[in-house]
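Every read-out reported here was derived from the displayed coordinates using simple, explicitly stated rules and does not represent laboratory data. Values in this document were obtained by computation on a predicted structure and should not be read as measured data. We place every Cβ from the backbone using ideal geometry, glycine too, and count neighbours over all the protein chains shown.
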Amino acid sequence: MRNWAKSLSTPTGAAKLALAVVISLIILKVVMSVLSRSISISAQAADSFLDLFSIGITYFAVRISSTPADEEHHFGHGKMEGVAALIQAALVLTAGGFIIYSAVQRLITSVVIKPDEGMVVMAVSLIASFFLSRHLRRVAKTTGSTAIAASASNISADVYSAAGVLLGLLAVRLTGWVILDPIIALIMAVFVLKAGYEVAIRAFRELTDYTLPLEEQKILTDCIREHITQLVDFHAVRSRRAGRERFVDLHLVMPRNISVEESHRRCDHLEQDIKAKLPNTSVVIHVEPCTGSDCPRCSIANCNLRRV
C-alpha cells in the first residue's frame, strides 16, 4: 500500500492517476449530457476529452523528460515537458472557444433541459477534480515537473467550471430559467481561457530559457553569499529551467595564491550546497584569479595579497 501511494507521488504515477480519473469523469459527463440535454454539461464533457488528450501527452512527456542525457541531447530531455505544456495550453484555449460557441448557439436556440441528473454528475466531478488538482500540484511542487504543473492548472480550471455548472443547474432547477444554462457556460469559458493563458506563458518561458523564478534566484544568491568568506567575489550568474532540471552557471573570483586543487574543492563545496537547496540542478562554475583592485571588497581572512 505504501509503495502504491509512493508511486502516485512521482510524475509518471500522477499522470496515470489523472488519466484514470479523467476517463471516469468523461463517461459520466457524456451519459448525463445526453440524459439532461444540458449544454454546460456537454461543454464539460468536451473539456474533459481535451484533458484526456493533454494528460496523455503529459504522461509521455514526463517519461521522455526523465530519461538521462545522451549523445544527441547533452542537456537531457527536460524541454519535452515545456512542449507538452504548450500543447496543453492550445487544447485548453480550444476548449474555451468551443464552450463559447456552444453557449451562444444555445442562447439562440432554447432547449428544455433536465437539471436534476446533471447536478449529481457535476457534484461528483467537482469533488474528484478538486482532490486530483491538489495531488497534482503537490507532485509538481515536489518534483518541479512543468508538465504536471500544467495538468494541475487544467484540472483546477475544471473545479471552477464544474462549480459554475452545478450552480447554474441548481438555479435552473429553482427558477425554471433555462437561459441560465448557456450563461453559466460562458462564465465557465472565462476561467478555462484564463487557465490556458497561464499554462501557455509558463511553457513559453521554459522553451525560451527564461530565468528561474525570483524566489529560486534568491535561494541561489544567498547560497553563494554564504561562501563569501572563501571567495573574493562572484558575478555573471545565469540560470534557466527545462522540465524538472535547473541549469546554473556563474563566475567565481578566487585568491590568486591558492592551488588549483583548493580552488576545485571550494567550487565542489558550493556546487553541492546549491544542489541541496535547489534539487535537480546542474552547476557550471568558471574560476577567475583576483586582482589588486578586488582587495577592498575581499572578505577572506589573513589573505597575504591584501594591500594595506
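Proximity of backbone amide H atoms, modeled 1.01 Å from N, is registered between D233 and V253 at under 5 Å, excluding neighbours fewer than 5 places apart on the same chain. From least to most packed, judged by other beta carbons within 10 angstrom and beginning with the fewest, V260, V283, V139 follow the order V260, V283, V139.
Sort 147-158, 20-31, 229-240 for me by packing, meaning the mean count of neighbouring Cβ atoms within 10 Å per residue, highest on top.
Details: 147-158: 27.8, 20-31: 18.1, 229-240: 16.0.
Ranking, from highest mean packing down: 147-158, 20-31, 229-240.
Averaging the sequence gap over all C-alpha pairs within less than 8 Å and six or more residues apart, then dividing by the number of residues, gives region 214-297 a relative contact order of 35 percent. The residues C223, C267, when put in order of fewest to most other Cβ atoms within 10 Å, stand as C223, C267.
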